[in-house]
1. Of the residues T13, T65, which single one is surrounded by fewer than 22 Cβ atoms within 10 Å (Cβ to Cβ), at pLDDT below 75 and not assigned by TED's automatic domain parsing to the domain that holds I356?
2. Specify which of the listed residues (R176, R156, R139) is surrounded by 15 or more Cβ atoms within 10 Å (Cβ to Cβ), outside any helix (DSSP H, G or I) and without any contact (Cβ under 8 Å) to a residue 60 or more places away in the chain.
3. Just a yes or no: is a residue in the stretch 161-170 within 26 Å of E251 (Cα to Cα) and part of a loop (DSSP other than H, G, I, E, B)?
4. Please state which of the following conditions L202 fails to meet, knowing it meets all the rest: (1) in the same structural domain as A73 (by TED's automatic domain parsing); (2) within 24 Å of F328 (Cα to Cα).
5. Being touching a Lys or Arg at 6+ places or on another chain (Cβ under 9 Å) and not polar (S, T, N, Q) is the requirement here; does K369 meet it?
6. Mind checking which residues of the stretch 206-252 are at pLDDT below 95, part of a strand (DSSP E or B) and over 26 Å from F367 (Cα atoms)?
Amino acid sequence: MLKICAFLTFMATTAIVPAVSWAQAHDHGSAPAQSAPATNPGNSWRQIEENLRNLTDAIRLGDMTSVSSYVHAMSRATDDLVAANIHNEVKPQEEDHLVASLENLKEAVDGLVQANETGDKAAIEQAVSHVAGAITLTRIDVPPGLLERISGAAVRAEIVNTPMLTKGQESTVTLRLKSAVSGKPLTPAELMEVHTEKVHALIIDPQLKDYTHAHPVAIDVPGEYTFAFTPQTDCTYRLWADVTPVKGTQEYAVVDIPGKEGCGTLAIDKTEIATATADGFTVNLKLPEAALTIGKAEELSFEITNAAGEAVTGLEPLMGAYAHVVGFYDDNRTIAHMHPMGAEPKASDDRGQSPIKVHFKPERDGFVKLYMQIQLEGKIHVFPFGVTVQ
């Protein structure tokens, strides 16, 4: 198991940019950016890595009831990756190595499926170790940028020089951004400023309870950016780096920040929440009469009142808007980032008022945890909500 944990620590700190989905861009409710099909090679590779992490967490926590689902999900993703014939995309001299590597990975995963059928924990642990080694070799044999190029991603994110997260302790995180194809670092000059920042880091724990919106700042090392945050769990957190390359379009580069504990198997509380209170303010979320459904744009209205029950009128500019709304789907792969409809603040003394309305066009079904941020008298307030998409 020590080998598995060491491998997972490595994998959690370096991630290809998956073919992630997102429901809104920075244009106040316009059509969502294109997301790649669920079976593209980049997405299949990410699912292999993610299910390995979840599988290892389940074994470590003694949760053998969920092992089978992770094993079969990994097997399906491996079959999809092999069927994608990515060896056709490489140079002739690289093809044999890549084909052999993928065959080795398929054999290791097939062995895991067989071990799982026996129900023997020791056999499953040994098979997981073999799969971890095969994944490492495949990553070496896949030419840099290939999976990213096929999946249409332009940015790759990595976490470097960062200690394991510990609950309640502030951690300085170093985020490295690269071109997914060339591998060259992405400096601030190569990123557009969007809503007053070059990089927006949207950070969430696996149970969607602890959300942080940070703005990594560039350091002396080209392509590296740092920020500090204090996790409220020991879990591995997912970071979505919201960036727009000067020679590209808005993109979310996803990477995990390794935690002291995996927490990958803990359940998400899917309670629907329409009212949230924080710091003496209350926000009521008004949903459309009809149920939220995939692909149908709807208006969400957030009514904000103070302790006296009065509508708030002094919303201050926050990152170039009067509010920010971020939604995390329960698949841990899909995100929505929305801004208010209507006029944006032009000056620091401009003020907005309740209600705040946004367009939400769900990308997929399931539970979505929404976080709304506003600023009043120089302080940022965060309000959590929960909705279900049918």
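The values are calculated or read from the model by the stated rules, or taken from the named source; none is laboratory data. In this text the structure is predicted, and so the values were computed from the model without any measurement. Note: ideal-geometry Cβ built from the backbone for every residue, glycine included; neighbour counts use all protein chains shown.
1. T13
2. On the way: R156 fails: without any contact (Cβ under 8 Å) to a residue 60 or more places away in the chain; R139 fails: outside any helix (DSSP H, G or I).
Being surrounded by 15 or more Cβ atoms within 10 Å (Cβ to Cβ), outside any helix (DSSP H, G or I) and without any contact (Cβ under 8 Å) to a residue 60 or more places away in the chain holds for just one of R176, R156, R139, which is R176.
3. Among the residues of the stretch 161-170, at least one is within 26 Å of E251 (Cα to Cα) and part of a loop (DSSP other than H, G, I, E, B), which makes the answer yes.
4. Unmet condition: (1).
5. yes
6. Scanning the stretch 206-252 gives a single hit, P245.
The rows are residues; the columns are (1) outside the structural domain of E224 (by TED's automatic domain parsing); (2) buried (at least 22 other Cβ atoms within 10 Å of the Cβ); (3) in a loop (DSSP other than H, G, I, E, B).
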residue: T78; (1), (2), (3): yes, yes, no
residue: V82; (1), (2), (3): yes, no, no
residue: N88; (1), (2), (3): yes, no, no
residue: Q93; (1), (2), (3): yes, no, no
residue: S129; (1), (2), (3): yes, no, no
residue: A134; (1), (2), (3): yes, yes, no
residue: P143; (1), (2), (3): yes, no, yes
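For every residue, the table says whether it meets (1) assigned to a strand (DSSP E or B); (2) under 21 Å from L202 (Cβ atoms); (3) out of contact with any Ser or Thr (no Cβ under 9 Å at 6 or more places or on another chain); (4) at pLDDT below 95.
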site: L300; (1), (2), (3), (4): yes, yes, yes, no
site: A308; (1), (2), (3), (4): no, no, yes, no
site: H337; (1), (2), (3), (4): yes, yes, yes, yes
site: M341; (1), (2), (3), (4): no, yes, yes, yes
site: D350; (1), (2), (3), (4): no, no, yes, no
site: V358; (1), (2), (3), (4): yes, yes, no, no
site: K369; (1), (2), (3), (4): yes, yes, yes, no
site: I380; (1), (2), (3), (4): yes, yes, yes, no
site: F383; (1), (2), (3), (4): yes, yes, no, no
